[in-house]
Amino acid sequence: EKGGYDYFMLKEIAEQPKAVADTLLGRIDGSGSLTLDEVRIPPGVLREIDKVVIVACGTAFHAGMIAKYAIEHWTRLPCEVELASEFRYRDPILDAQTLVIAISQSGETMDTLMALRHAREQGSKVLAICNTNGSTIPRESDAVLYTHAGPEVAVASTKAFLTQLVACYLVALYLGQVRGTKGADEIRALIRDLSSIAGAVERVLGTMEPVRELARTLASKRTVLFLGRHVGYPVALEGALKLKELAYMHAEGFAAGELKHGPIALIEEDLPVVVVVPSPRGRSVLHDKIVSNIQEIRARGARTIVIAEEGDEAVVPYADHLVRIPATPTLLQPLVATVPLQVFACELATARGNDVDQPRNLAKSVTVE
Ligand code: M6R
């Protein structure tokens with residue numbers, strides 16, 4: 001069943017190029033525009049929406065955080081993202097003009113299910129982004145977009161995350177298409193970018209040996225920090241979550257801009273700090289700011305592990321370890337930047353003797369609140 005891999009997680013990491021391509025399959029027509037027939041919420045209703053609210057847990061929540069950037073940028077609709085376990089307890093403002101997106105790999109997560117039930121009671125439309133056919137969350141939603149990642153067995157979510165991201169980008173573009181905030185040409189160009197991601201992920205997977213080697217040398221560390229900005233911030237959180245659940249290590253993700261508001265006090269000699277660097281082309285101001293962050297933490301003795309685009313030379317002098325990822329449009333970078341962090345966590349956990357498919361205290365789907 002593991003297809004020659006020692007762990008399901010390794011198999012599922014390797015399956016990501018195909019999974020990402022499968023999520024796009026059948027959703028783009030011959031002219032390069034989107035045909036999301038499954039989204040049975042009529043375009044007329046989607047045009048009346050004045051707010052999007054995303055609810056999810058864990059890794060799916062990180063996908064939601066990234067989706068917010070795409071939805072707001074491409075549709076100009078305000079978008080909130082909330083942990084499903086917090087959502088209904090704060091009396092959220094919901095009505096028929098709110099589109100709620102529930103993201104869940106298993107489709108059985110009780111917190112997410114209760115959040116969507118609450119939203120439907122308030123008259124909101126719910127769109128599920130889900131990987132498991134016929135599970136409870138899609139059955140109770142108004143519409144569902146399946147991620148088609150194939151079964152995910154390892155407790156740590158990998159291919160489900162990447163495909164959730166692709167599905168979120170598709171929904172964001174679809175909203176832009178029906179609401180007219182994105183022109184056909186722009187949508188076609190963005191879809192072309194999305195279609196090239198499977199190949200980019202494949203390339204990243206082919207260059208992971210140094211990341212594995214590095215992970216093994218860090219097996220006895222107590223803490224690893226992750227920094228990112230913009231869509232790289234949720235990627236940092238995801239890298240930290242993977243390390244917590246698999247390696248049972250203290251790992252924390254920070255928005256790099258917050259460093260000076262507190263976390264920089266944690267930086268000490270030889271502390272591994274992973275930094276996800278935004279593209280120097282897109283939002284170049286952010287790129288430059290992160291380069292100064294790397295400089296600052298290195299000056300305090302931290303060991304910098306820098307994930308940066310091919311051709312980004314500005315980071316070279318400050319990187320103790322440099323992990324290259326292919327250049328992508330800014331919003332799509334998480335699809336490639338997350339992969340080294342999955343490999344890193346998996347290898348580090350294995351080096352510590354842990355079973356990465358069945359981490360202690362965790363279940364694949366959390367069906368209690
Ligand atoms: O099945 P779901 O996507 O609803 O699960 C949500 C979380 O429980 C899940 O992503 C969890 O955080 C993973 N173990 C992370 O790797």
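For the chain, please report how many Lys pairs fall under 19 Å Cα to Cα, leaving out neighbours fewer than 8 apart on the same chain.
Close lysine pairs under the 19 Å cut-off: 21.
So what's the Cα pair-distance distribution over region 170-304, bin width 10 Å, in %?
11, 31, 33, 17, 7, 0
Long-range amide H contacts for Glu80: which residues qualify at under 5 Å (H placed 1.01 Å from N, peptide plane, sequence gap of 5 or more or a different chain)?
Residues meeting the criterion, in which the H sits 1.01 Å from N, are Val52, Val53, Ile54.
Taking the Cα centre of the chain as the origin, how large is its charge dipole in debye, to the nearest 20, when only Lys and Arg (+1) and Asp and Glu (-1) carry charge on their Cβ atoms?
Details: 39 positive and 46 negative charges, 47 e Å.
Using only the charged Cβ atoms, the result is roughly 220 debye.
How are the alpha carbon pair distances in region 314-364 distributed across 5 Å bins from zero to the largest one, expressed in percent?
Cα pair-distance distribution for region 314-364, in percent: 4, 15, 17, 19, 17, 12, 11, 4, 1.
For every other residue with a beta carbon closer than 15 angstrom to the beta carbon of Cys346, add +1 if it is Lys or Arg and -1 if Asp or Glu, then tell me the sum. Working shown, then result.
Numbers: positive: Lys2, Lys11, Lys159, Arg212, Arg216, Lys242, Lys244, Arg352; negative: Asp6, Glu12, Glu15, Glu152, Glu209, Glu213, Glu238, Glu245, Glu347, Asp355, Asp357.
Local net charge: -3.
Relative to the present Cα-Cα distance, how much length would full extension add between Thr223 and Arg90 at 0.36 nm per residue of separation? Display every interim value, and only then the final one.
Details: separation 133, 0.36 × 133 = 47.88 nm, distance 3.31 nm.
Stretched out fully, the Thr223 to Arg90 stretch lengthens by 44.6 nm.
Starting with the highest mean, order 250-261, 134-145 by the number of other Cβ atoms within 10 Å, averaged over the residues of each peptide. Before the final figure, lay out the partial values.
Numbers: 250-261: 18.0, 134-145: 19.6.
Those peptides, ordered most packed to least, come out 134-145, 250-261.
Using the heavy atoms of the protein chains alone and a 1.4 angstrom probe, what is the accessible area of the chain per residue in square angstrom?
For the chain, the per-residue accessible area is 39 Å².
About its Cα centre, how strong a charge dipole does region 292-368 have in debye, to the nearest 20, once Lys and Arg get +1 and Asp and Glu get -1 at the Cβ? Each step should come with its number before you reach the end.
Working: 7 positive and 9 negative charges, 73 e Å.
Charge dipole, region 292-368, about its Cα centre: 360 debye, nearest 20.
Is there a quick way to get the dipole size of region 1-125? I mean about its Cα centre, with the Cβ of Lys and Arg at +1 and of Asp and Glu at -1; what is the value in debye to the nearest 20? Please list the in-between numbers first.
Numbers: 14 positive and 19 negative charges, 41 e Å.
So the dipole magnitude of region 1-125 works out to roughly 200 debye.
Net charge around Leu246, counting only other residues with Cβ within less than 11 Å of its Cβ (Lys, Arg = +1; Asp, Glu = -1)? Present the calculation step by step, with values, prior to reporting the outcome.
Details: positive: Lys242, Lys244, Arg352, Arg360; negative: Glu245, Glu347, Asp355, Asp357.
Around Leu246, the charge tally is 0.
How much FRET efficiency would the formula 1/(1 + (r/R0)^6) give for Arg300 and Glu186, where r is the Cβ-Cβ distance and R0 is 51 Å, rounded to 0.05?
On the way: r = 43 Å, r/R0 = 0.84.
Plugging the Cβ-Cβ distance into 1/(1 + (r/R0)^6) gives 0.75.
What is the percent carbon and sulfur in the accessible area of region 1-103, measuring with a 1.4 Å probe over the protein chains and ignoring ligands? Let's see the in-between values first.
Values: 2360 of 4580 Å².
After summing per-atom areas, the C and S share lands at 52 percent.
Compute the projected area of the convex hull of the Cα atoms of region 192-268, averaged over all viewing directions, and report it in nm² to one decimal place.
Working: hull surface 25.8 nm².
Computed as one quarter of the Cα hull surface, the answer is 6.4 nm².
Please give the peptides 227-240, 313-326, 25-38 ranked by average Cβ packing (other Cβ atoms within 10 Å per residue), highest first, as a rough proxy for protection.
Details: 227-240: 26.3, 313-326: 16.9, 25-38: 13.6.
Per-residue Cβ counts within 10 Å, averaged per peptide and sorted highest first, yield 227-240, 313-326, 25-38.
Could you work out the relative contact order of region 285-369? I mean the mean sequence separation of Cα pairs under 8 Å and 6+ apart, divided by the number of residues, in percent. Don't skip to the end; give the middle numbers.
Details: 53 pairs, mean separation 14.9, N = 85.
Contact order relative to length: 18 percent.
Highest mean first, how do 243-249, 94-100 rank when packing is the count of other Cβ atoms within 10 Å averaged over residues?
Working: 243-249: 22.1, 94-100: 18.6.
Ranked by mean Cβ neighbours within 10 Å, highest first: 243-249, 94-100.
So what's the projected area for region 229-283, the Cα convex hull averaged over all directions, in nm²? List each step's numbers first, then the result.
Working: hull surface 17.5 nm².
Taking the Cα atoms of region 229-283, their convex hull projects to 4.4 nm² on average.
Going toward the positive end of the dipole of the chain, with +1 on Lys and Arg Cβ and -1 on Asp and Glu Cβ, which of Ala56, Val45, Val368 do you reach last?
Farthest towards the positive pole: Val45.
The values are calculated or read from the model by the stated rules, or taken from the named source; none is laboratory data. What you are looking at is a predicted structure, and each value in this text was computed from that prediction instead of being measured. Here Cβ is always computed from backbone atoms with ideal geometry, including for glycine, and neighbour counts include all displayed protein chains. To get the accessible areas, we keep the full protein, side chains included, count just its heavy atoms, and leave off ligands, DNA and RNA. Shrake-Rupley method; radii C 1.70, N 1.55, O 1.52, S 1.80 Å.
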